[in-house]
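One structure is given below, encoded as structure tokens.
Computed from the coordinates by the stated procedures, all read-outs in this text should not be read as laboratory data. All values reported here derive from a predicted model rather than from experimental measurement. Glycine gets a Cβ as well: all are built from the backbone with ideal geometry, and neighbour counts include every protein chain shown.
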Amino acid sequence: LPVPMLIGAGLLLFPTATKNLRRMWAFPSVLLLIIVLLFSAHFFIQQLNNNSVYQYVWSWTINNDFSLEFGSLVDPLTSIMSILITSVGVIVLIYSDNYMSHDRGYVRFFAYMSFFNTSMLGLVTSSNLIQIYIFWELVGMCSYLLIGFWFTRPSAANACQKAFVTNR
């Protein structure tokens, strides 16, 4: 119990160390997105051989005639869009690391961006309309959070409300 309190006190007393620890949050975000980029490239190479990948994770059977399967579908368009989403995401995260380094909401920004990238990938790899709807709503929520990141500015607050209403 005293160790976490000492660590917390140390982080509050030494702002330079806190800044360096804060910036360490960017590394896992970028690294994980690069790994997903490599998987996306692997799926794209598989698509060149005309192999579609469909995997369901969970099946919900309503009755004997109808069941709903939640999972992922990777076809040629999905693999190209996954490469696009992850490569742009990696570039944005790398640029944002230095740009946002002095902002108080640094960790919050990287959490929003990671959630946005995950939601976009979920939207692209959805295998049915219910999943598409769920991930579309998550992308809309992440857009709202990212547009209104500096919510203390009236222009950002108004813009995120307009984006939220437009997405509805």
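Amide H contacts of Leu68 (H built 1.01 Å from N, in plane; Pro and chain starts excluded): Trp60, Thr61, Ile62 sit under 5 Å, all sequence-distant by 5 or more or on other chains. FRET efficiency for the Val88 to Gln55 pair, using the beta carbon distance and R₀ = 30 Å, is estimated at 0.75.
Across segment 129-139, coupling constants 3J(HN,Hα) worked out from phi with the 6.51/-1.76/1.60 Karplus curve, θ = phi - 60°, read 5, 5, 5, 4, 4, 4, 6, 4, 5, 5, 4 Hz, and Gly and Pro carry x. Ordering 137-143, 101-107, 81-87 by mean Cβ neighbour count within 10 Å, with the highest value first, yields 81-87, 137-143, 101-107.
From the square roots a ≥ b ≥ c of the eigenvalues of the alpha-carbon gyration tensor of segment 25-167, which class results: rounded (a/c under 1.5), prolate (a/b over b/c), or oblate? Oblate, since a/c reaches 1.5 and b/c is not below a/b. Subtracting the Cα-Cα distance of Leu32 and Ala157 from their residue separation scaled by 0.36 nm leaves 41.9 nm.
Backbone phi angles across segment 91-100, fed through the Karplus curve with coefficients 6.51, -1.76 and 1.60 (θ = phi - 60°), yield HN-Hα couplings of 4, 5, 5, 5, 5, 5, 4, 7, 5, 9 Hz in residue order; Gly and Pro are listed as x.
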